[in-house]
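Here is the structure we will look at.
Every number here is computed from the coordinates shown, using simple stated rules; none is lab data. Predicted model, so just to flag it, every value in this text is computed and none were measured. Don't worry about glycine lacking a Cβ; one is built from the backbone with ideal geometry, like all the others, and counts go over all protein chains shown.
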Amino acid sequence: MKEKITLHAKWLIKAPLTEVFNIITDFEKWPEYFPKVAESTQVIRHGGNNLEIDATVKSFGQKFPVKMKTQILPGKGFISDNESPKFGTSGHEELLLSERPEGTVIDYTYQIAIHKRWLRIVAKPLIGWFSMKYWQKAVIDELRKRLER
């Protein structure tokens, strides 16, 4: 049985939605924008707002290839189905943006299915707590440094 973990958090970026959207959906520049999580990204197929991306991501001190099938939601963010056979996970990711008077709210959800038995044993405490803290530091804090004035 595959155990699923749902990660969810919301953050405020004190910047216009358009600026956040332009960075967060520029996947080929993720290694530049977010070097703590993205080693490389390459859009291998592009059809309108649908992308297929080969990425090498960094997590838990390791590098993992990830295949992403991503749909850009114009002005709203993106959704993506991701596969990482080497790490033994697959997941559905949603990064949704909404505008507020004080800036842009990022509403992030990632549902992860864990395929490797050994990883399921430690998954909830390790992935659940660590992943969101790390993602905040590696992505949200970088957005804030780049966009907040």
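Placing unit charges on the Cβ atoms only, positive for Lys and Arg and negative for Asp and Glu, gives the stretch 22-107 a dipole magnitude near 240 debye about its Cα centre. Over every Cα atom in the stretch 1-104, the radius of gyration and the widest Cα-Cα span, Dmax, amount to 14.3, 45 Å. In terms of packing, defined here as the mean over residues of other Cβ atoms within 10 angstrom, the peptides 50-56, 4-10 line up highest first as 50-56, 4-10. The phi torsions of the stretch 22-35, fed into the Karplus equation with coefficients 6.51, -1.76 and 1.60 and a -60° offset, translate into couplings of 4, 7, 5, 9, 8, 4, 5, 9, 3, x, 6, 6, 10, x Hz, rounded to whole numbers, with Gly and Pro shown as x. If you take all other residues with their beta carbon under 12 Å from the beta carbon of S80, and give Lys and Arg +1 and Asp and Glu -1, the sum is -3.
Lys and Arg at +1, Asp and Glu at -1: add these up for the other residues within a Cβ distance under 11 Å of Q62 and post the number. Charge balance near Q62 sits at +2.
Amide H contacts under 5 Å for A15: T104, restricted to partners 5 or more places along the chain or on a different chain, H placed in the peptide plane at 1.01 Å from N.
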